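Quick notes on the structure that follows.
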Amino acid sequence: MFYELYLRSFCDGNGDGIGDFIGAERKLDYLADLGIEGIWLLPILHSPSYHGYSVIDFFSVNPIYGTLKDLRNFLASAHKLDLKVILDLPMNHTSPNHEWFLKALDGEKPYREWYLFLKDEQWLKARRHWDGEQVWTNYSGQWVYTLFGPGSPDLNYESSSLWQQMKEVLTFWLSVGFDGFRFDAAKHIFDFSLEKGICEYQHSRNIAFWKEMTAHCRSISPNSIFVSEVWDDAQIVDLYSTIFGIGFNFPLAEDLKTSVATRDPELLVKSLRTDLNRYFRSKRSYESGIFLTNHDMSRLVSAMDGDKELSLLAMSVLLSLPGVPFFYYGEELGMEGVYNAYFNEEQLEPFLWFENGYGPGQTEWKALGKNHPHSGRSLEAQKAVDGSYFERIRAILEFRKNNSWLRLATIRGLRRRENLVILRVVGESRNAFIYHNLGKKRVALEDVSSLQIINGSLSRYRGKRYLGGFSSAIEVTK
Ligand code: ACG
């Protein structure tokens, strides 16, 4: 299970209110205790932006997070705890302050060809694939392709020298000690048609690019871990994920949240059946990166309209499925935050270690709007309350930790009885039936033997076993 860590909001090691490597190193035990086996580190390269996805220098860390030595210490300590760490690497674009871009604007070679400058006025009519946004930005009279906006001019991989440059970037970060990469915006390397002057994904060219980049990494460290960020329909996710080995399962994340939020067992069965045929069968060409939320989405409790029972149920369903789970920082506290494409900071708020919002390591780089002090949401407060949301999430994470066989298991059976969804999961070492009750009322479980609660309640009445409302349980049969 990977923990998606936004360093700026996690733990402050030098008292400047901003999370950093030293602070995160101090919290590695906390993560290991949660049952985390890997960390997905959101971008930490030198960048002017709070999110870090617009890089100024691909060979240096953002000084607000500390030094390269601090990072090496963080990685070394993580490895001592057997924690893998993958780096989020935005290779599709840079910051407009990047030296490469400034030289490109001056027409200097090879940098000029490393960005896509307007060659035909007609191209200005092009609009972004998914929301029709403008994609060209005028920088002091020169139009440049910027899919993600003026703060991130796109790199132009038509240039083969740029491929070479990026291989050196990958080599550098592997040499620093990372175990692999989360490759950002993987379907956008070639996403503008020079012939038609429109935004058009060129999946086969992207695949060829990533084949070469991942082969390069594997030539340096054969066990590198790669995760592709391809936010698209299942067929397209498939296309890329085979190259990387792990592909984020965006369709499942959306369907799972919708079916639990609407308490619709039929939708859950339908989406799991789709995934069953795709990801959860024996011969799979890659592993499904299963998750519920990430930094581009509203947090779980917000997606469930504040309903903590439904949030816990959604997490129980997720962590009982085959695949590689990814868990977004702060979800263990039930932090809230609604995603907004133009003001997307709510879901990036500081992790609330202390109830009054202050204390050693507490980050303060931005106000705690949604997750304010004295809201009872802090780790400090929840640790003091039996049955708190944190304690219950920790129990579900513990369940997954003790059932790591699920990662490579297959779903061999899927059925529904009213609000009850029943999965039959078969693994190398174990088989099990897993029960999820999407209804408020308890349901009777027929002919069950040894049952273990995952979340919620189990009861017995007149010799019958009952699974409580919004509860989940497992019956290991082998
Ligand atoms: C990555 C990072 C994100 C980052 C960037 C840029 C890229 O996670 O934090 O932004 O470095 C698109 C891209 C993704 C991108 C997201 C934010 N994420 O493909 O790579 O935007 C549709 C489109 C998707 C699109 C998505 C966005 O198909 O391509 O993602 O909408 O909402 C169903 C459909 C699926 C559809 C969804 C949603 O699932 O199957 O196709 O996806 O519904 O409608 C960072 C910052 C930003 C900043 C930027 C410069 O986070 O704030 O602006 O950098």
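Each reported figure results from applying straightforward, stated rules to the coordinates on display, with no laboratory input. Predicted, not measured: the structure shown is a model, and the values here were computed from it. Cβ placement follows ideal geometry from the backbone for every residue including glycine, while neighbour counts extend to all protein chains displayed.
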With at most 10 other Cβ atoms within 10 Å, longest stretch of the chain clear of loop GluC sites (Glu not before Pro) (DSSP): 196-427
Under Karplus coefficients 6.51, -1.76 and 1.60, residue-wise ³J(HN,Hα) of the stretch 92-103 in Hz, glycine/proline x: 7, 7, 10, 7, x, 8, 5, 3, 4, 6, 4, 5
Nearest-20 debye value, the stretch 247-384 charge dipole, Cβ charges on Lys, Arg, Asp, Glu: 600 debye
Charge sum, other residues only, whose C-beta stays under 11 Å from GLY337's C-beta, Lys/Arg counted +1 and Asp/Glu -1: -3
Simple Cβ-charge dipole of the chain, Lys/Arg +1 and Asp/Glu -1, about Cα centre, in debye nearest 20: 2180 debye
J(HN,Hα) series, the stretch 407-422, from Karplus relation 6.51 cos²θ - 1.76 cosθ + 1.60, nearest Hz, glycine and proline x: 3, 9, 6, 10, 8, 9, x, 8, 8, 9, 10, 6, 7, 9, 10, 10
Relative compactness, the stretch 347-452, computed as alpha-carbon Rg over 2.2 N^0.38 Å: 1.50
Debye intensity ratio I(q)/I(0), log10, the stretch 200-310, q values 0.11, 0.12 Å⁻¹ (C-alpha model): -0.43, -0.50
Distant-in-sequence amide H partners of GLY197 (H built 1.01 Å from N, under 5 Å): none
Furthest towards positive pole of dipole, THR363, THR94, PRO150, structure part the chain, Cβ charges: THR363
Residue-averaged [θ]222 nm for the chain, counting only DSSP H segments that reach four residues, each worth -39500 (n - 2.57): -8500 deg cm²/dmol
In Hz, Karplus ³J(HN,Hα) per residue of the stretch 368-380 (6.51, -1.76, 1.60; θ = phi - 60°; x = Gly, Pro): 8, x, 7, 10, 7, x, 6, 9, x, 8, 5, 4, 4
Loop-resident sites, the stretch 160-264, for trypsin sites (Lys or Arg not before Pro), counting at most 12 other Cβ within 10 Å (DSSP): LYS196
Total charge dipole magnitude, the stretch 1-93, about the Cα centre, Cβ charges on Lys, Arg, Asp, Glu only, Debye to nearest 20: 160 debye
Under-5 Å amide H pairs with GLY180, H placed in peptide plane, nonlocal only: LEU87, ILE225
Lys/Arg +1, Asp/Glu -1 at C-beta; the chain dipole; positive extreme among ASN62, ALA381, HIS295: ALA381
Sequence-distant residues sharing a close amide H with LYS84 (under 5 Å, placed H): GLY38, ILE39
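Any idea what % of Cα-Cα pairs in the stretch 150-224 are farther than 22 Å? It would help to have the intermediate numbers written out before the result.
Values: 777 of 2775 pairs.
For the stretch 150-224, the share of Cα pairs beyond 22 Å comes to 28 percent.
Can you check what the net charge comes to around ASP70, using other residues whose Cβ is under 11 Å from the Cβ of ASP70 (Lys, Arg +1; Asp, Glu -1)? Don't skip to the end; give the middle numbers.
Working: positive: LYS69, ARG72; negative: ASP20, GLU25.
Result for the neighbourhood of ASP70: 0.
Distances longer than 23 Å among the Cα atoms of the stretch 274-407: what percent of all pairs is that? Write down the numbers at each step before the final one.
Numbers: 3444 of 8911 pairs.
Value for the stretch 274-407 (Cα pairs over 23 Å): 39 percent.
Mean 1/r over all different Cα pairs, inverted: what Kirkwood radius does the stretch 15-132 give, in Å? Each step should come with its number before you reach the end.
Details: mean 1/r = 0.0594 Å⁻¹.
Result for the stretch 15-132 stands at 16.8 Å.
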Convex hull of the chain built on C-alpha atoms - directionally averaged projected area, nm²: 22.7 nm²
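What is the sum of charges, Lys and Arg at +1 and Asp and Glu at -1, for the other residues whose Cβ falls under 12 Å from the Cβ of GLU200?
Numbers: positive: ARG127, ARG128, LYS187, LYS196, ARG205; negative: ASP191, GLU195.
In short, +3.
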Loop trypsin sites (Lys or Arg not before Pro), the stretch 364-445 (other Cβ atoms within 10 Å of the site Cβ: 12 or fewer; DSSP): LYS440, LYS441
Dipole-positive endmost among THR258, SER472, PHE248 within the chain (Cβ charges, Cα centre): SER472
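Which trypsin sites (Lys or Arg not before Pro) in the stretch 37-96 sit in a loop by DSSP (not H, G, I, E or B) and have at most 11 other Cβ atoms within 10 Å of their own Cβ? Show your work: numbers first, answer last.
Working: sites: LYS69, ARG72, LYS80, LYS84; in loops: none.
Here no loop site has a sparse enough neighbourhood.
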